[in-house]
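Data block below; observations after.
The values are calculated or read from the model by the stated rules, or taken from the named source; none is laboratory data. Computed from a prediction, not measured in an experiment: that's the story for all the values here. For neighbour counting, all protein chains shown are included, and Cβ atoms are generated from backbone atoms with ideal geometry for every residue, glycine included.
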Amino acid sequence: MSRGARRALAPPLPHLGDVLDFMRLIWAVDHALQKASKRMKSAMGVTGSQRLVIRIVSRFPGLPAGRIAELLHVHPSTLTGVLKRLERQGLIRRRSDPKDARRALVGITEKGRFIEAAASGTVEAGVERALAATSSGHLEAARALLARIAESLDAEK
C-alpha cells in the first residue's frame, strides 16, 4: 500500500488548538529539513546547513565569520565547528583579517564552488518549489510570523 493510500485511510488528525497545531507543523518542517539534509550529506558530502554557509560565503567572499553567524542566527561557536568541517573538506578557506588578526575572513574554494553550483537534490531546491507556489502576500506574512516566533523563543533566554 502506498504512503498516500495509507494517509487516505487514516482518520483525520484532531485539532489541537492553534499553538499545538502550529508547533506540529514547525516540527514537520524541522523533520523534513533534517531528512533532506541527511540525503544531501550522502549525495553531496555536505549537510543543508553546511551548504547554506557555502552559498553565503560564495555570494559574499571575505565575509567575517562573526557576520556569517549573525546572518544564520547561530552562536559564533556553533559556526566555528561548521567552518572547521568545511575547511577540512577543502570547500572554504579562512584567513586572518589583515585589519584585525582576531577575526577570520571566509572565502570559497574551487571545490566549494562545485558544491555551491549544485541545483537539484538540495534543501533550498525544495524550499524554492514551495516558495514558487506561494503568493508574495502569503510569503511576507509567513516571513513576519516566523521572525516573530524566533524572536519570542529567543526572548525566553
For this session: Can you confirm whether the stretch 76-91 contains a residue that is among the acidic types (Asp, Glu), within 21 Å of Leu146 (Cβ to Cβ) and surrounded by 12 or more Cβ atoms within 10 Å (Cβ to Cβ)?
Result: no
Seminar exercise, completed: Selection over the stretch 98-138 where residues are over 29 Å from Met44 (Cα atoms), at pLDDT 95 or above and surrounded by 11 or more Cβ atoms within 10 Å (Cβ to Cβ) yields a count of 1
Exercise. Looking at (1) surrounded by 10 or more Cβ atoms within 10 Å (Cβ to Cβ); (2) under 29 Å from Arg39 (Cα atoms), can you tell me which one Leu153 breaks?
Worked result: (1)
Exercise. Looking at (1) of a type outside the set (Phe, Trp, Tyr); (2) under 12 Å from the mean Cα position of the chain (by Cα); (3) modelled with pLDDT under 90, which is the one condition that is false for Ser37?
Worked result: (3)
For this session: Please enumerate the residues belonging to the stretch 27-45 that are among the small types (Gly, Ala, Ser) and in a helix (DSSP H, G or I).
Result: Ala28, Ala32, Ala36, Ser37, Ser42, Ala43
Exercise. Quick one: in the stretch 54-83, which of the residues that are in contact (Cβ under 8 Å) with a residue 40 or more places away in the chain and farther than 22 Å from Asp154 by Cα is farthest from the chain's Cα centre (by Cα)?
Worked result: Gly62
Seminar exercise, completed: With the first residue restricted to the stretch 37-50 and required to be free of Cβ contacts under 8 Å to residues at least 60 places away in the same chain, and the second required to be in a helix (DSSP H, G or I), Cβ contacts under 7 Å at 6 or more apart or on different chains are Thr47/Ser37; Thr47/Met40; Thr47/Lys41; Ser49/Ser37; Ser49/Val82; Gln50/Val82; Gln50/Arg85; Gln50/Leu86
